[in-house]
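*Asks:* This is the structure I want to talk about, given as structure tokens.
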Amino acid sequence: GAENEIRACIERQARGERAYWAITLKDDPGELIGRISLAPDNRSRDQRGFWIDPLFQRQGLMTEAVERITAYAFLELGWAELWLTNAAGNVASSRIKARQGAELVARIDGEYVSGPGVREVWLLRREAWQEKRSRSKLK
């Protein structure tokens, strides 16, 4: 399954649909512990996605990675907003979005590997992100 996912990621990136970054440990950059992706707005309301090995959750690693990719989208690419989604039950993912200044705008039906579920839709505007960033240590 992992092999198929990586192959699909490479194909999407080659088509320019989505960019992917590996998340590795600073002291062991050869060990893949997660990934993060970014896509232009294609009206899917799902521009940034991420996952991390459960062994490395709750250590601030995803928060750090998300902040870097968000900065890239807003500061390097000049995007005004990011549409973000997560499964409604994924509290950690929701918390990351809220900490960055994203606003929960909808709850819709979604489809996941495990089956149907509720998906939260968030909107992160550059100005809200910059305001949160200026008041935090995530610079």
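The values are calculated or read from the model by the stated rules, or taken from the named source; none is laboratory data. Fair warning: this is a prediction, and the values are worked out from it, not measured in the lab. Backbone-built Cβ (ideal geometry, glycine too); neighbour counts: all protein chains shown. Please note that ligands, DNA and RNA were not included when accessible areas were found on the heavy atoms of the full protein model with its side chains. Shrake-Rupley method; radii C 1.70, N 1.55, O 1.52, S 1.80 Å.
*Asks:* Is it the case that residue 102 is of a type in the set (Gly, Ala, Ser), in contact (Cβ under 8 Å) with a residue 12 or more places away in the chain and in contact with a Phe, Trp or Tyr (Cβ under 6 Å, 6 or more places away or on another chain)?
*Replies:* Details: of a type in the set (Gly, Ala, Ser): yes; in contact (Cβ under 8 Å) with a residue 12 or more places away in the chain: yes; in contact with a Phe, Trp or Tyr (Cβ under 6 Å, 6 or more places away or on another chain): yes.
Criteria met by residue 102.
*Asks:* OK, next. Which of the residues belonging to the stretch 116-127 are part of a strand (DSSP E or B) and more than 15 Å from the chain's Cα centre (by Cα)? Give the steps one after another, and end with the answer.
*Replies:* The first filter runs over the stretch 116-127 and keeps only residues part of a strand (DSSP E or B), leaving 116-125.
Once the filter is applied, which keeps residues that are part of a strand (DSSP E or B) and more than 15 Å from the chain's Cα centre (by Cα), the stretch 116-127 yields 116, 117, 118.
*Asks:* Given the options 85, 70, name the one that is in contact (Cβ under 8 Å) with a residue 24 or more places away in the chain, β-branched (Val, Ile, Thr) and under 16 Å from residue 128 (Cβ atoms).
*Replies:* Numbers: 85 fails: under 16 Å from residue 128 (Cβ atoms).
Selected residue: 70, the only one of 85, 70 that is in contact (Cβ under 8 Å) with a residue 24 or more places away in the chain, β-branched (Val, Ile, Thr) and under 16 Å from residue 128 (Cβ atoms).
*Asks:* Within the stretch 14-28, track down each residue that is open to solvent by less than 90 Å² (accessible area, probe 1.4 Å) and not aliphatic (A, V, I, L, M).
*Replies:* 16, 17, 18, 20, 21, 24, 28
*Asks:* In the stretch 43-115, which strands (runs of 3 or more DSSP E) lie fully inside it and hold 2 or more residues that are open to solvent by less than 90 Å² (accessible area, probe 1.4 Å) and either in contact with a helix residue (DSSP H, G or I) (Cβ under 7 Å, 6 or more places away or on another chain) or closer than 25 Å to residue 31 by Cα (or both)? Please lay out each step first, then the result.
*Replies:* Numbers: elements: 48-52, 81-87, 103-112.
Of the strands (runs of 3 or more DSSP E) lying wholly inside the stretch 43-115, those with at least 2 residues that are open to solvent by less than 90 Å² (accessible area, probe 1.4 Å) and either in contact with a helix residue (DSSP H, G or I) (Cβ under 7 Å, 6 or more places away or on another chain) or closer than 25 Å to residue 31 by Cα (or both) span 48-52, 81-87.
*Asks:* Let me ask another. Just give me the residues in the stretch 1-12 being within 21 Å of residue 65 (Cα to Cα), open to solvent by less than 90 Å² (accessible area, probe 1.4 Å) and within 18 Å of the chain's Cα centre (by Cα), in sequence order. Steps first, please.
*Replies:* Initial filter on the stretch 1-12 (within 21 Å of residue 65 (Cα to Cα)): 2, 5-6, 9-10, 12.
Narrowing the set further to residues that are open to solvent by less than 90 Å² (accessible area, probe 1.4 Å) leaves 2, 5-6, 9, 12.
Across the stretch 1-12, the qualifying residues are 5, 6, 9, 12.
*Asks:* Related question: Taking the stretch 43-69 on its own, how many of its residues are within 13 Å of residue 19 (Cβ to Cβ) and not aliphatic (A, V, I, L, M)?
*Replies:* The number of residues fulfilling the criteria is 5.
*Asks:* For the stretch 98-120, which residues satisfy the criterion of being small (Gly, Ala, Ser) and in contact with a strand residue (DSSP E or B) (Cβ under 7 Å, 6 or more places away or on another chain)?
*Replies:* Restricting attention to the stretch 98-120, the residues satisfying the condition of being small (Gly, Ala, Ser) are 98, 101-102, 106, 110, 114-115, 117.
101, 102, 106, 110, 117 - these are the residues of the stretch 98-120 that are small (Gly, Ala, Ser) and in contact with a strand residue (DSSP E or B) (Cβ under 7 Å, 6 or more places away or on another chain).
*Asks:* Additional query: Within the stretch 18-28, does at least one residue satisfy the condition of being in contact with a helix residue (DSSP H, G or I) (Cβ under 7 Å, 6 or more places away or on another chain), touching a residue at least 40 places away in the same chain (Cβ under 8 Å) and assigned to a helix (DSSP H, G or I)?
*Replies:* no
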